[in-house]
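The block underneath contains the structure these notes are about, expressed in structure tokens.
Nothing in this text is a laboratory measurement; each read-out follows from the coordinates by a stated rule. Small disclaimer: the values here were computed from a predicted structure and weren't measured. Reconstructed Cβ throughout: ideal geometry from the backbone, glycine too, with neighbour counts over all protein chains shown.
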Amino acid sequence: MQLTFLGTGAGVPSKKRNVTAITLSLLQENNSVWLFDCGEATQHQILHTSIKPRKINKIFITHLHGDHIFGLPGLLSSRSFQGGEDPVYLYGPPGIQSFVETSLRVSQSHLAYPIYIKEIGEGKVLEGDQFTVYAHKLDHGIDSYGFRIEEKNKPGELLVDQLKKIGIMPGPIYKQIKENETITAADGRVIQCKDFIGPPKKGRTVCVFGDTRYNESHAIFAENADILVHEATFDCKSENLAYEYFHSTTVQAARLAKRANVKTLILTHISSRYQDEDTATLLTEAREIFPKTYLADDFYQKTIEKPD
């Protein structure tokens, strides 16, 4: 699992920061890439990475402000020309279906693959064999959501040494033990399989928040996540301005991360008023409250390691 930040700016693009788009690469897990938001020029940003648009099969839109969706029609159209044939599943707030369908119809764009659009509310968005995704409504004037991506726990390792101690040698029976609650050995013994499988391997959790005011109740949704991606449009001195514009500050994002007991906080959605020389200050503000904080630039990558 790896996050790639294709755009880390707020509102409008700047020379150093494009508007919001983030990918979650799951190539090792299920050979796919998930995209969170798709601001203007997202497909151009992808050209500077190794990401293949045809691998993008799920897109999650946090909210319908232009800096989060204006790149979507172009990306969907170009995917057809870049070998994309597999379906795309698109999840977003009410209105996303009208936006996409109208954009494609008016521009007479024809996709070479099926697209399935689901307008979401709070709760479970999807569940597959490996991942479950939940949505939580934030505070941003219009409907804006955070997404929680939970990797399911994996079965523990087979305790081979213990099996050998009771005379069960390697062979097809080991596979049966992994897949069943009980099995009958060749000598008639009934084996309780759980007694020979180690503890489950804990899955990873990533939370990606859309634009939002600070609200400490949001910490419940992000609780114990391995990674929390949170906007930090303003510095700590601009708390009133952040509230007025339905955004958060660096310090507020750090407070939420601390309250939620997450492992790592990544700040994004940085206002263009802040230049390169301001970045260290913004990061310091957050780290004084939550030390394991990073501030993303465009093309910043973060691997979510498997738990020990």
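Considering (1) in a helix (DSSP H, G or I); (2) touching a Ser or Thr at 6+ places or on another chain (Cβ under 9 Å), say which one residue 297 fails and leave the rest.
Among (1) in a helix (DSSP H, G or I); (2) touching a Ser or Thr at 6+ places or on another chain (Cβ under 9 Å), residue 297 violates only (1).
Which of the residues that make up segment 161-196 are closer than 30 Å to residue 34 by Cβ and either part of a loop (DSSP other than H, G, I, E, B) or touching a strand residue (DSSP E or B) at 6+ places or on another chain (Cβ under 9 Å) (or both)?
So in segment 161-196, the residues closer than 30 Å to residue 34 by Cβ come out as 178-179.
Correct list: 178 only.
Among the candidates 120, 115, 142, which residue alone is out of contact with any strand residue (DSSP E or B) (no Cβ under 7 Å at 6 or more places or on another chain) and farther than 30 Å from residue 179 by Cα?
Just a single option satisfies the conditions, and that option is 142.
Residue 137 fails exactly one of the following numbered conditions: (1) under 21 Å from the mean Cα position of the chain (by Cα); (2) under 23 Å from residue 69 (Cα atoms); (3) touching a residue at least 24 places away in the same chain (Cβ under 8 Å). What is the number of that condition?
Result: residue 137 passes all but (3).
Within segment 247-262, identify whether any single residue is surrounded by 16 or more Cβ atoms within 10 Å (Cβ to Cβ), closer than 22 Å to residue 14 by Cα, touching a helix residue (DSSP H, G or I) at 6+ places or on another chain (Cβ under 9 Å) and touching a residue at least 60 places away in the same chain (Cβ under 8 Å), and answer yes or no.
Checked against the condition, which is being surrounded by 16 or more Cβ atoms within 10 Å (Cβ to Cβ), closer than 22 Å to residue 14 by Cα, touching a helix residue (DSSP H, G or I) at 6+ places or on another chain (Cβ under 9 Å) and touching a residue at least 60 places away in the same chain (Cβ under 8 Å), segment 247-262 yields at least one hit.
Taking interchain pairs and intrachain pairs at least six residues apart, which have beta carbon atoms under 6 angstrom, with the first residue in segment 224-237 and in contact (Cβ under 8 Å) with a residue 40 or more places away in the chain and within 16 Å of residue 213 (Cβ to Cβ) and the second of a type in the set (Asp, Glu) and not in a loop (DSSP other than H, G, I, E, B)?
From segment 224-237, the pairs are 236/285.
Hey, can you tell me all the residues within segment 162-205 that are loosely packed, with under 11 Cβ neighbours inside 10 Å and of a type in the set (A, V, I, L, M, F, W, C)?
169, 186, 190
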